[in-house]
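K.L.:
What follows is a single structure, and I will ask about it in a moment.
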Amino acid sequence: MGRPLPRLFVVRKVMREKPNLKDPLLLSLYYLLDTSGSPHGSALSSYTVFQSPDLKDLINSRLAKCAYHMRNAFARVADCANLKGGRVDIDKVR
């Protein structure tokens, strides 16, 4: 019986301008994650491939999530605000 396979592989897609170039241009990263549930790893067919997002997509996603929560927070405060006095009942916001 051979050694068990690791639960995670990281694959780098790179472009080399010259064969002996030490730092090639990184094009993308892929993760292969063992989805079999076995603690010892299994055949490669039980691995799922995920592409790592680039920095622009990651920041865009985080900012959209932040904006969504901020919009909901302001809407809740506005619903609880007393329009005459401009005061907020903090017990209603929670």
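The values are calculated or read from the model by the stated rules, or taken from the named source; none is laboratory data. Owing to the predicted nature of the structure, the values given are computational and were not obtained by experimental measurement. Neighbour counts run over all protein chains shown; Cβ positions are idealised from the backbone, glycine included.
K.L.:
Quick one: would you say Asp79 is at pLDDT below 90 and outside any strand (DSSP E or B)?
P.N.:
For Asp79, the condition - at pLDDT below 90 and outside any strand (DSSP E or B) - is met.
K.L.:
For the range 7-36, which residues satisfy the criterion of being farther than 18 Å from Leu58 by Cβ, aliphatic (A, V, I, L, M) and not in a loop (DSSP other than H, G, I, E, B)?
P.N.:
Leu8, Val11, Val14, Met15, Leu25, Leu32, Leu33
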